[in-house]
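Every number here is computed from the coordinates shown, using simple stated rules; none is lab data. Remember, predicted model here, so these are calculated numbers, not experimental data. Using ideal geometry, Cβ is built from the backbone for each residue, glycine included, and neighbour counts are taken over all protein chains shown.
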Amino acid sequence: MIHLTDTHTHTWYSNDAHCNMEEVCRAAWEGGLSAVAITDHFEYKKDGVPSPYYLLRVEGRTAELARVKARWEGRLEVLRGVEIGQPHWNAAHSRAVAASGDYDMVIGSLHDLRPGRSIYTDYDYSKAEVRDEMYRQFFEEAREMVRVADFDTFGHYDYPIRKMEGYVEPTLTPWKAYALPFLKELAESGRALEVNTVGQRRWMGCVGGEQWVLEAFRQYGGRYVTVGTDAHYAQHVGIHVREAYEAMRAAGFDKVTIYRQRKPVQLSI
Ligand SMILES: [Zn+2]
Ligand SMILES: [Zn+2]
């Protein structure tokens, strides 16, 4: 049996999303998913300051998530998640958040790099040396995250490529030397790597689960792979999950991982 899962979705509790929890769950259910994780943004900004957007709403969000989870029980497994951006910038605080008991799964992501530059908007990717320096730092900070932060899966390792249209091929190959030590540390830490499906609906035309990346992760001992659509609209929930599974199978993975109460659970794909 194939278990379709989407463990990376956003609702209006994220400042850049356009749907509510009920709409995410309905889309997941209509798409035949067995599990969906709602993983709104919680960002650390420059100097490790937690962004107030999430903190101001977290109480209401936790309560609503519990209600939605109960409402869908028996039809769809709703997992309580969060996507923490730059958790290593305030390791003590982010560890406390992750351990609060409110979450089934925690995605660790890099949206910004030190000293507070947005990967999306603050780099001129037309310059090869800028791309190279950004990726060097990206994987250096990713390794630091593995060492000091508490998270379950590393989100969208291919995130910067989204903004490099016209300058590069949709592959991490030019930065393999930076990526491999990170994949090794992530695998050895027992955490998961996320295959993010955004690329399939953007210019890249493929999911962020490049074969050599997944193979390297597996060869380093990585066992857990999660799949997320990074949906910010309900219509994107659950799409291209099958393409992600194909990429995983090609690299030797026959299970997808979800997290329940921060514990990995593997499901057949
Ligand atoms: Zn993200
Ligand atoms: Zn996201």
Between a first residue in region 74-90 that is closer than 10 Å to Phe151 by Cα and a second residue that is away from ligand 2 (no atom under 15 Å from the Cβ) and among the polar types (S, T, N, Q), which pairs have beta carbons less than 7 Å apart while being 6 or more apart in sequence or on different chains? Ile84/Ser94; Pro87/Ser94
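Restricting to region 249-262, name every residue that is surrounded by fewer than 18 Cβ atoms within 10 Å (Cβ to Cβ) and not in a helix (DSSP H, G or I). Step through it out loud before you land on a result.
Of all residues in region 249-262, those surrounded by fewer than 18 Cβ atoms within 10 Å (Cβ to Cβ) come to 249-250, 252, 254-255, 260-262.
Within region 249-262, Gly252, Asp254, Lys255, Arg260, Gln261, Arg262 qualify.
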Residue ID - surrounded by the fewest Cβ atoms within 10 Å (Cβ to Cβ), chosen from residues in region 128-146 that are closer than 11 Å to Phe182 by Cα and basic (Lys, Arg): Arg136
All but one of (1) within 24 Å of Pro264 (Cα to Cα); (2) within 19 Å of the chain's Cα centre (by Cα); (3) of a type in the set (Lys, Arg) hold for Lys45; which doesn't? (1)
Out of all the residues in region 121-140, is one or more under 30 Å from Val68 (Cβ atoms) and touching a strand residue (DSSP E or B) at 6+ places or on another chain (Cβ under 8 Å)? no
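Residues checked against (1) free of Cβ contacts under 8 Å to residues at least 24 places away in the same chain; (2) under 19 Å from the mean Cα position of the chain (by Cα):
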residue: Thr9; (1), (2): no, yes
residue: Ser14; (1), (2): no, yes
residue: Gly32; (1), (2): no, no
residue: Ile38; (1), (2): no, yes
residue: Val49; (1), (2): no, no
residue: Leu56; (1), (2): yes, no
residue: Glu64; (1), (2): no, no
Quick one: count up the residues across region 91-140 that are in contact (Cβ under 8 Å) with a residue 12 or more places away in the chain and of a type in the set (D, E, K, R). 9
The listed residue being surrounded by 14 or more Cβ atoms within 10 Å (Cβ to Cβ), within 16 Å of ligand 2 (Cβ to nearest atom) and of a type in the set (Ser, Thr, Tyr), out of Tyr125, Tyr159, Tyr167, Tyr178: Tyr159
Within region 221-248, can you find the residues that are under 14 Å from the mean Cα position of the chain (by Cα), surrounded by fewer than 24 Cβ atoms within 10 Å (Cβ to Cβ) and more than 16 Å from ligand 2 (Cβ to nearest atom)? Tyr224
Scan region 10-40 for residues that are under 23 Å from Gln261 (Cα atoms), touching a Gly at 6+ places or on another chain (Cβ under 6 Å) and more than 16 Å from ligand 1 (Cβ to nearest atom) and report the count. 2
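Taking into account only those residues within region 147-156 that are surrounded by fewer than 20 Cβ atoms within 10 Å (Cβ to Cβ) and either touching a Lys or Arg at 6+ places or on another chain (Cβ under 6 Å) or free of Cβ contacts under 8 Å to residues at least 60 places away in the same chain (or both), which is farthest from Asn196 (Cα to Cα)?
Our first condition is that a residue be surrounded by fewer than 20 Cβ atoms within 10 Å (Cβ to Cβ); within region 147-156, this holds for 147-148, 150.
Retained after the next criterion (residues that are either touching a Lys or Arg at 6+ places or on another chain (Cβ under 6 Å) or free of Cβ contacts under 8 Å to residues at least 60 places away in the same chain (or both)): 147, 150.
On the way: Arg147: 22, Asp150: 20 Å.
Top of the filtered list is Arg147.
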